[in-house]
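> Sharing a structure with you now.
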């Protein structure tokens, strides 16, 4: 029996978030330039998106470029921006054909204009996709997102549009960059690191975490299946007792 056959298709996580770590180290161990690791990682994005859709996942959020990544050497940043453009141009036709809808979260205003324009074009051209949403976190960090929401709500309060006491979890969540999506059920991080690195701090409050030593360029369908099986072997209580969870079934 394959790993995919061991998955309970009735309990597949509907939204998976992934921190794609290890591209650079994968390349270094092979005496390759870091950019080649990122390019290989792009190929894995293509494969995992389709694998996730085949397994019934409805949304895949990938941490592609953090606000902290702007501090990397300029040569690497330029290479990553070029890779974004290359990836969009290469993948858009296939995304349309395979029912993949592109969504982007983050402070994309910091990105080059041509990258912004190509992203928007791809978002528009894939808007009819219903098989899976590929949500890219670009120039994103959770602290940036939370700070931005706090500023927005403070401004609305000063303008008399809302009262301070109106601010609750529901109102705050409606301003999230992911307000159009359900919160992730499962977070996967590759590369062996055991942290979430300023990623979706609000949205991951009740997600299950799965860490693997595999570098992102080595991650494949079998790796994804292992993560999903691990997820399905856990009891998600959301603050309740095991007895309460069982009685609700």
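Read the figures in this text as sums done on the coordinates, not as results from a lab. Not measured: the values here are computed from a predicted model. For neighbour counting, all protein chains shown are included, and Cβ atoms are generated from backbone atoms with ideal geometry for every residue, glycine included.
> Over segment 1-112, what is the relative contact order in whole percent, taking alpha-carbon pairs under 8 Å and six or more residues apart?
28 percent.
> Extension gain residue 107-residue 154, at 0.36 nm per residue separation less the Cα-Cα distance, in nm?
15.0 nm
> Please report the orientation-averaged projected area of segment 137-249, defined via the convex hull of its C-alpha atoms, in nm².
Result: 9.7 nm².
> With labels modelled as points extended 7 Å from the Cα through the Cβ direction, what inter-label distance (nm, one decimal) is found for residue 36 paired with residue 4?
3.0
> May I pose another question? Applying a 10 Å radius around every beta-carbon, put 171-183, 18-30 in order of their mean neighbour count, most first. Don't jump to the answer; show the numbers that get you there.
Working: 171-183: 15.1, 18-30: 20.0.
In descending order of packing, they fall as 18-30, 171-183.
> What whole number of Å gives the distance from the Cα centroid of segment 100-164 to the Cα centroid of segment 17-71?
Taking the Cα centre of segment 100-164 as reference, the centre of segment 17-71 is 20 Å away.
> Measuring from label point to label point, each 7 Å out along Cα→Cβ, what is the residue 86 to residue 71 span in nm?
Here the modelled spin labels are 2.7 nm apart.
> Gain in length, residue 168 to residue 116, computed as 0.36 nm per residue apart minus the alpha-carbon separation, to one decimal in nm?
Once the chain is fully extended between residue 168 and residue 116, it gains 15.5 nm.
> Under the 0.36 nm per residue contour assumption, what length would be gained going from the current alpha-carbon distance of residue 123 and residue 161 to full extension?
In short, 10.6 nm is gained.
> Moving to a separate point now. Quick one: grab Rg to one decimal and Dmax as a whole number for segment 100-146, Cα atoms only, in Å.
11.4, 31
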